[in-house]
Amino acid sequence: MELYQANSVDFESIMDFYDDVIARTPEIERYARWSKGKHPTAEGIRAYIEEGSMYLYRKHDVIEGAMAVTMYQGEDYHTIEWSLQIADDEAAVIHILAVGPDSQGEGIGTEMIREAIRIAKMKGKKSVRLDALASNTPAHRIYERIGFEYRGKQHLFAENTGWTDFYFFEHQM
């Protein structure tokens with residue numbers, strides 16, 4: 001699998017992709033609580049593209065998967081007891097990972113995560129981290145199967161979820 005770094009030309013296609021994921025993914029409200037216009041946002045997607053963090057998986061020129069992989073972690077990751085105590089710029093973080101509704105269950109998400117780990121390792125990162133809603137048990141199982149370890153939870157506020165619990169996971173290099 002090869003991920004492609006998105007650029008500004010991809011913006012509309014990426015927004016259409018996420019809108020389709022939101023509209024047609026069974027139980028999206030239960031597991032991810034994404035909603036059109038609230039999460040992921042156009043501003044967030046633009047920011048990920050501009051900083052070079054947005055990646056796409058395409059098949060026959062159609063986006064089948066998308067995610068952001070930042071080469072740093074934010075402050076909301078500071079309160080977790082990570083196995084490695086490292087600087088913010090020594091960790092990569094996976095955000096807004098999605099697989100198109102017609103391709104779900106084919107292992108694309110797993111391969112995208114493995115590719116994100118490879119990219120982070122190539123860039124000298126010491127770990128890859130991510131978070132997911134506590135209710136997103138299918139994603140938790142995937143992360144743990146790939147080798148991520150559960151590291152803790154936080155009760156956080158997000159526009160699309162309100163106050164809710166998020167689980168945090170880490171994959172050491």
**Report entry** the chain: antiparallel DSSP beta bridges as a percent of all, rounded to 5
**Finding:** 90 percent
Query raised in the report: Over the stretch 8-134, what relative contact order in percent results from Cα pairs under 8 Å that are six or more residues apart?
Result: 24 percent
Report task. Using packing as a proxy for protection, rank 125-133, 17-25 so that the peptide with the highest average count of other Cβ atoms within 10 Å comes first. Result -> 125-133, 17-25
Report task. Using only Cα atoms, locate the centre of the stretch 35-57 and the centre of the stretch 102-173, then give the distance between them in Å, rounded to an integer. Result -> 17 Å
Requested in this report: For the stretch 101-159, just say rounded, prolate or oblate: build the C-alpha gyration tensor, square-root its eigenvalues into a ≥ b ≥ c, call rounded for a/c under 1.5, and beyond that prolate if a/b exceeds b/c, oblate if not.
Outcome: oblate
Report task. Mind checking which of M112, P40, Y55 is farthest towards the positive end of the stretch 1-136's charge dipole, using Cβ charges of +1 (Lys, Arg) and -1 (Asp, Glu) about the Cα centre? Result -> M112
Requested in this report: Please report, in debye to the nearest 20, how large the charge dipole of the chain is about its Cα centre when each Lys and Arg carries +1 at its beta carbon and each Asp and Glu carries -1 there.
Outcome: 440 debye
Report task. Please report, as a whole percent, how much of the solvent-accessible surface of the chain comes from carbon and sulfur atoms (probe radius 1.4 Å). Result -> 47 percent
Query raised in the report: Under a 1.4 Å probe, what is the accessible area of the chain per residue, stated in Å²?
Result: 52 Å²
Report summary line: Using alpha-carbon positions, the gyration tensor of the stretch 22-118 gives root eigenvalues a ≥ b ≥ c; with a/c under 1.5 called rounded, otherwise prolate if a/b exceeds b/c, else oblate, the class is prolate
Query raised in the report: If you place +1 on the Cβ of every Lys and Arg and -1 on the Cβ of every Asp and Glu, how big does the dipole about the Cα centre of the stretch 101-143 come out, in debye to the nearest 20?
Result: 460 debye
Report summary line: If each K or R counts +1 and each D or E counts -1, the residues other than I108 whose Cβ falls under 15 Å of its Cβ total -3
Query raised in the report: Between D16 and W163, what is the label-to-label distance in nm when each label sits 7 Å out along the Cα-to-Cβ direction?
Result: 4.1 nm
Report task. Would you please classify the overall shape of the chain from the alpha carbon gyration tensor, given that a ≥ b ≥ c denote the square roots of the eigenvalues, rounded means a/c under 1.5, and beyond that prolate means a/b larger than b/c while oblate covers the rest? Result -> rounded
Query raised in the report: Which value in deg cm²/dmol, rounded to the nearest 500, describes the helix-derived mean residue ellipticity at 222 nm for the chain, given -39,500 (n - 2.57) per DSSP H run of n ≥ 4 and division by the residue count?
Result: -9000 deg cm²/dmol
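The values are calculated or read from the model by the stated rules, or taken from the named source; none is laboratory data. The model shown is predicted, which means the values in this text are computed figures rather than measured ones. Note that we place each Cβ from the backbone using ideal geometry, even for glycine, and neighbour counts take in every protein chain shown. Accessible surface areas use protein heavy atoms only, side chains included; no ligands, DNA or RNA. Shrake-Rupley method; radii C 1.70, N 1.55, O 1.52, S 1.80 Å.
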